[in-house]
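Only one structure is covered here, and it is reproduced in the block below.
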Amino acid sequence: MILKSITRLLSKILAFLFYVALLFMFFVIGSAIFSGGEPNLFGYQIKTVLSGSMEPNIKTGSIVIVKTGGDPTTFKENDIITFKATENRIVTHRIVDVVQKNGQTMYRMKGDSNKTKDMNLVLPQNVIGEYTNITIPYIGYFIEFTKSKGGSLLLFLIPGLLLFGYSLVAIWRAFTQHKKENSPESVAGTK
């Protein structure tokens, strides 16, 4: 009896967490569609760290939370920012020098574990946001996997299989309950 209660409670908790995760996914995907770009949740973006240039502070395969918006010319030395290094390459590095040239603010960047500074200066218009000191290790590997064809397929296939399995269990329970209610013992007991 206690085991059945624990199983029901766990089932309700898992269902709740599943629905919360589903709503969160819909919200993030919806915000990406409506903004026409990266998912932005209340002025924050999630970025994946794919190299070890910021170790040990930020581990490879982690995700970082980046605060977007604000004035991109107000960062100072030692701030960690995420920026577009090229059209298809986003980098999170530390500012080691703020350079003023022809009235323009630019940033000299360096990865914490790199021996040398980055070659190119970063222009304010290439800054995506400031690192918030929130890092979740290893989730970046999963996010990158889901961007692949196989990962995308599994992302749709696994929930479908789980729903199908849940439906089979629900049908089986209803069938056995109906069978119990209509068995000769239960029918004889009601007269």
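Structural remarks
- Residue check, PHE18 surrounded by fewer than 18 Cβ atoms within 10 Å (Cβ to Cβ), farther than 23 Å from PHE142 by Cβ, among the aromatic types (Phe, Trp, Tyr) and at pLDDT below 85: no
- Filter result (more than 11 Å from ILE63 (Cα to Cα) and assigned to a loop (DSSP other than H, G, I, E, B)) within region 138-156: SER148
- Boolean, ASP97 is closer than 23 Å to GLY70 by Cβ, among the charged types (D, E, K, R), more than 17 Å from the chain's Cα centre (by Cα) and not in a strand (DSSP E or B): no
- Of all residues making up region 49-86, the number that are in a strand (DSSP E or B) and farther than 18 Å from VAL127 by Cβ: 1
- Identity of the residue in region 120-140, surrounded by 15 or more Cβ atoms within 10 Å (Cβ to Cβ) and not hydrophobic (A, V, I, L, M, F, W, C), that ends up nearest to the chain's Cα centre (by Cα): GLY140
- Of all residue pairs spaced 6 or more apart or on separate chains, none has beta-carbon atoms under 8 Å together with a first member in region 10-37 that is under 18 Å from THR68 (Cβ atoms) and a second member that is modelled with pLDDT of 75 or more and among the β-branched types (Val, Ile, Thr).
- Leading residue by the ranking (nearest to ILE128 (Cα to Cα)) among those in region 38-86 that are touching a Lys or Arg at 6+ places or on another chain (Cβ under 6 Å) and of a type in the set (A, V, I, L, M, F, W, C): VAL66
- Condition met for ASN120 (at pLDDT 90 or above and at positive phi): no
- VAL169 falls short on exactly one of the conditions (1) modelled with pLDDT of 85 or more; (2) assigned by TED's automatic domain parsing to the domain that holds THR68, and that condition is (2).
- Residue match in region 166-189 (condition: under 26 Å from the mean Cα position of the chain (by Cα) and at negative phi): yes
- Yes/no for THR135 being under 22 Å from LYS59 (Cβ atoms) and in a strand (DSSP E or B): yes
- Those residues of region 108-145 which are free of Cβ contacts under 8 Å to residues at least 40 places away in the same chain and among the aliphatic types (A, V, I, L, M), in sequence order: MET109, MET119, LEU121, LEU123
The values are calculated or read from the model by the stated rules, or taken from the named source; none is laboratory data. All values reported here derive from a predicted model rather than from experimental measurement. Please note: Cβ atoms are built from the backbone with ideal geometry, for glycine as well, and neighbour counts cover all protein chains shown.
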